[in-house]
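Each value in this text was obtained by applying a stated rule to the coordinates, not by laboratory testing. Here the structure is a predicted model, which means the values were calculated and not measured. Using ideal geometry, Cβ is built from the backbone for each residue, glycine included, and neighbour counts are taken over all protein chains shown.
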Amino acid sequence: MADPYLPPSAPIDPALPAGAKCPKCGNTSARKVNFTFWGGALGPRLVHVVRCAECRTQYNGRTGGSLTGVIILYQVVVFAIAGALFGAYVALRH
C-alpha cells in the first residue's frame with residue numbers, strides 16, 4: 001500500500017496546468033487564459049482554458065479537448081440565470 005503522505009513519484013510539468021498536450025500541434029507548452037469573449041474572467045477558470053505557446057490554439061488544459069461544447073453549455077447556463085433573474089425582477093415590480 002502506498003504512503004498517502006509522500007509526494008507523487010511522477011514529475012509534474014509546470015508549463016501545463018494539468019498536463020494535456022495541444023490537440024492541434026502536440027506541443028506541451030501552454031499558458032492559462034485569464035479572459036475570453038465568451039466567458040469573461042470566470043469561464044476560463046471554470047473550464048481550465050489554456051493557449052498553446054506554439055500555435056495559439058485554445059483548449060481544455062485538463063483533457064486536451066475542444067471548447068465548443070463547453071462554451072455552448074456555459075452560455076446556456078448564463079442566459080438561463082440571467083433570464084430567471086430578469087423574470088423575478090419583472091414579477092416583483094408588478
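When the Cα atoms of the chain are enclosed in a convex hull and the volume is divided per residue, what value in Å³ results?
So the per-residue hull volume is 157 Å³.
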Expected 222 nm ellipticity per residue - DSSP helices of 4 or more, -39500 (n - 2.57), all of the chain, to 500: -11000 deg cm²/dmol
Environment charge of F35, counting only residues whose C-beta is closer than 13 Å and scoring Lys/Arg +1, Asp/Glu -1: +4
Spin-label model distance (nm) - T57 vs C25, 7 Å beyond Cα toward Cβ: 1.0 nm
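Can you give me the relative contact order of the stretch 25-82 as a percent, contacts being Cα pairs under 8 Å and 6 or more apart? Please list the in-between numbers first.
Values: 64 pairs, mean separation 16.4, N = 58.
Result for the stretch 25-82 is 28 percent.
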